[in-house]
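Read through the structure below, which is laid out as structure tokens, and then see the notes.
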Amino acid sequence: MRYANEAARRYFDLAGEGAGVSWQALLGDADRQTLESALVQPEATTDSVVCQGLDGKPPFEALLRRAQWQGQAAWLLTLAPLAQGDRAGNEPFYQQLFNTNPAIKLLIDPRDGRIVDANASAVEFYGYPLDTLKQLKITDINCMAPAEIHASMARAKSCRQLFFEFRHCLASGEVRDVNVYSGPVLLRGREYLHSIIVDVTDEKRYCAQLETYNELFHSLPVGVYRHTADARGHFTAANPAMLRIFEADSHRALFSAPMGGFYDCPKEINRFLTDLERDGAVLRRPLRLRTLKGRLIHAEVTAYRQTAAGGDIEYSGIVEDVTERYAAQVNQERLTHLLDASPDIVSIADADHRVVYLNKAGRELLGILPEALSDALAAVHPLWARRLIQEKGIPYAMEHGHWYAETAVLGRDGEIPVSQLIVTRRDENGDIESIATIMRDISQAKRYQAELEYHAGHDPLTGAVNRNRFIDLLARERQEARRNGRILSLVMFDIDHFKRVNDSFGHSVGDMVLAKLVHTCSALLREVDVLARWGGEEFMLLLPGTPLAGAVTLAERLRRAVEEEDFSPVPGITSSFGVAELGPDEPESQCYKRLDEALYRAKAEGRNRVCLAEPLEGANERRRAQ
């Protein structure tokens, strides 16, 4: 005998499933001979035989069917007890067994699939009244195609297959997964299929969830673990990520390593376990850990204290390797420290044009900025600079990656000139990720530049522009005069008998006289007029927009002012002047010559006077005559 179901085991007092037990030993001599005679027939002429049964047990009817069991030919014996030794007694016993059993049962006619009967558990499960259920066919509730259903019934009737997995539709429309155990029974002279239905929907869903959780457990990028609750304990469960994090070649290698060996600082494990024991949980605790190969990693560990089924305490949780993130954070902190130490103003806006960072220098000078970039620009820059940045700077930087110019910010005492660099950063998709700007205060540089330019273009003793600067300014003014048709006049003058001053009073007094003369003359000039030290005690005046007559008037005023000025200890300082109007196309060298000749005449005529340069036409004619 290869298998006996529970009813058979109860009838014959068998332990286990009866595999390996001789069926002949279970029967009396008469019954054994009756069954052996029926089984040895080459073609079964009868499908059932009546047996007397064991002493004290009711007689039974044995239904005989050829079947396949685990790939081998076999006989299926269905033993139906008889109440009074006849076949009619089988039906009350069957009805009692069918209706009172809590399992879901259907009695199905294998010829057309009609549901002949259903027990109370089936009525409750399918949601149909019994009368309605008995009017249905199995094809009405089985979701499989009718042809496949009939093929399954044929296999069950011939005992070639007794277990099936189906999906059944309830009266509510809900579809449930079921396992069906179906085999033939003889009732009232007719053969039916006795089907036991087991609802496995929740079990399948649970198994699917377990499979999903198992897949997640094995594919999570973070480590999931369980370990015993002591410092000398070991891991008892771990997902593959734990092996990667701790550089373990196998679970066995990970589980055999003591917990204390994973901590870089021995004190950390004691603090960690103490907090876990006290609070029951530790969330995202930063820890310095060591892999099995000794490499230092930075991790965030979450752990929970739990009581196992046997009452032992164990810890489970998650390990996330944040070494790269920690390194990035350290680099960011270093960069932030560096930016805060920089005297330059550094600010960063994100892709949504929100200001997300302003360094210490910026905060000290500008205060807290509005979040919106447009509002921040309005708060930081004067109008002209803001328009330049918005209309040219940012668009250019977005197209070319960077933009550089001199702008200004609003300080407590007014505008502060700055050199400004705008840099845009794009992500791997080419989208703008951030807009950063670096502004450097160039006030001092501007002052230095102005001083250098001043010293390069001015006489250090008197403060008047020097000869080279004068020549540059004259060239610029001539270009402007040609465009606008303006008149230019030049005045050349020097100090009378200046050599006597140096010889009599010394060069320091002579330097004082030169400086004071420039100061005296500058007080009478317009802002556009240019006074230059031409050389030694000789000076030159550029008078834009001034005709000859106006230049003569100014020269006379300067002469009187010098004459009236007190140059103590030097008495009676006077000066001589030559005045000329520069022709539109006259070479500067020719005008200088005319001025020099006029100044020479002033000297020859007694000094302390103003002489007009010879008119341009007269000078040209005299030059031709010569």
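The values are calculated or read from the model by the stated rules, or taken from the named source; none is laboratory data. Since we're looking at a predicted model, the values are computed, not measured. Neighbour counts run over all protein chains shown; Cβ positions are idealised from the backbone, glycine included. With ligands, DNA and RNA removed, areas are computed over all heavy atoms of the protein, side chains included. Shrake-Rupley method; radii C 1.70, N 1.55, O 1.52, S 1.80 Å.
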query: When only residues in region 153-192 that are within 13 Å of Ile138 (Cβ to Cβ) and touching a Gly at 6+ places or on another chain (Cβ under 7 Å) count, which is modelled with the lowest pLDDT?
result: Ala156
field: Residue list for region 577-608, restricted to those being crowded, with 18+ Cβ neighbours inside 10 Å and in contact with a strand residue (DSSP E or B) (Cβ under 6 Å, 6 or more places away or on another chain)
entry: Phe577, Gly578, Val579, Ala580, Glu581, Leu582, Cys591, Arg594, Leu595, Ala598, Leu599, Ala602
statement: Every listed condition ((1) out of contact with any helix residue (DSSP H, G or I) (no Cβ under 7 Å at 6 or more places or on another chain); (2) among the hydrophobic types (A, V, I, L, M, F, W, C); (3) surrounded by fewer than 20 Cβ atoms within 10 Å (Cβ to Cβ); (4) under 15 Å from Asn608 (Cα atoms)) holds for Ala555 save (3)
message: Against the definition (at pLDDT below 95 and in a helix (DSSP H, G or I)), how does Gly618 come out, yes or no?
response: yes
- request: Output the qualifying pairs, or none if there are none: Cβ atoms under 9 angstrom, residues six or more apart or on different chains, first residue in region 169-186 and closer than 30 Å to Leu77 by Cβ, second residue in a loop (DSSP other than H, G, I, E, B) and at pLDDT 90 or above.
  value: Pro184/Pro110
message: Could you tell me how many of the residues in region 525-537 are surrounded by 16 or more Cβ atoms within 10 Å (Cβ to Cβ) and in contact (Cβ under 8 Å) with a residue 60 or more places away in the chain?
response: 5
message: Take the conditions free of Cβ contacts under 8 Å to residues at least 60 places away in the same chain and either part of a strand (DSSP E or B) or open to solvent by less than 70 Å² (accessible area, probe 1.4 Å) (or both) and apply them to Val198. Does it pass?
response: no
- request: Scan region 392-412 and report the pairs whose first residue is at pLDDT 95 or above and open to solvent by 20 Å² or more (accessible area, probe 1.4 Å) and whose second residue is aromatic (Phe, Trp, Tyr) and not in a strand (DSSP E or B), with Cβ atoms within less than 7 Å and a gap of 6+ or a chain change.
  value: Trp403/Tyr396
message: Looking at the structure I just gave you, is Ala248 assigned to a loop (DSSP other than H, G, I, E, B) and modelled with pLDDT of 85 or more?
response: yes
task: Take region 326-352 and flag every residue that is charged (D, E, K, R) and either modelled with pLDDT of 90 or more or open to solvent by less than 50 Å² (accessible area, probe 1.4 Å) (or both).
output: Asp340, Asp344, Asp350, Asp352
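I need the strands (runs of 3 or more DSSP E) fully contained in region 531-613, keeping only those with at least 3 residues that are in contact with a Lys or Arg (Cβ under 7 Å, 6 or more places away or on another chain).
575-582
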query: Among the listed residues Ala327, Ala299, Ala361, Ala309, which satisfies the condition of being in a strand (DSSP E or B) and either aliphatic (A, V, I, L, M) or touching a strand residue (DSSP E or B) at 6+ places or on another chain (Cβ under 6 Å) (or both)?
result: Ala299
query: Right, Ile422: part of a helix (DSSP H, G or I), in contact with a strand residue (DSSP E or B) (Cβ under 9 Å, 6 or more places away or on another chain), open to solvent by less than 70 Å² (accessible area, probe 1.4 Å) and more than 30 Å from Lys516 (Cβ to Cβ) or not?
result: no
- prompt: Looking at (1) of a type in the set (A, V, I, L, M); (2) under 25 Å from Asn468 (Cα atoms); (3) open to solvent by 50 Å² or more (accessible area, probe 1.4 Å), can you tell me which one Ala549 breaks?
  reply: (2)
message: Looking at region 124-149 only, could you name the residues that are under 60 Å from the mean Cα position of the chain (by Cα), in a helix (DSSP H, G or I) and surrounded by fewer than 17 Cβ atoms within 10 Å (Cβ to Cβ)?
response: Glu124, Asp140, Pro146, Ala147, Glu148
- request: Just need a number here: residues in region 255-280 that are among the aromatic types (Phe, Trp, Tyr), within 34 Å of the chain's Cα centre (by Cα) and either over 13 Å from Val301 (Cα atoms) or outside any helix (DSSP H, G or I) (or both).
  value: 1
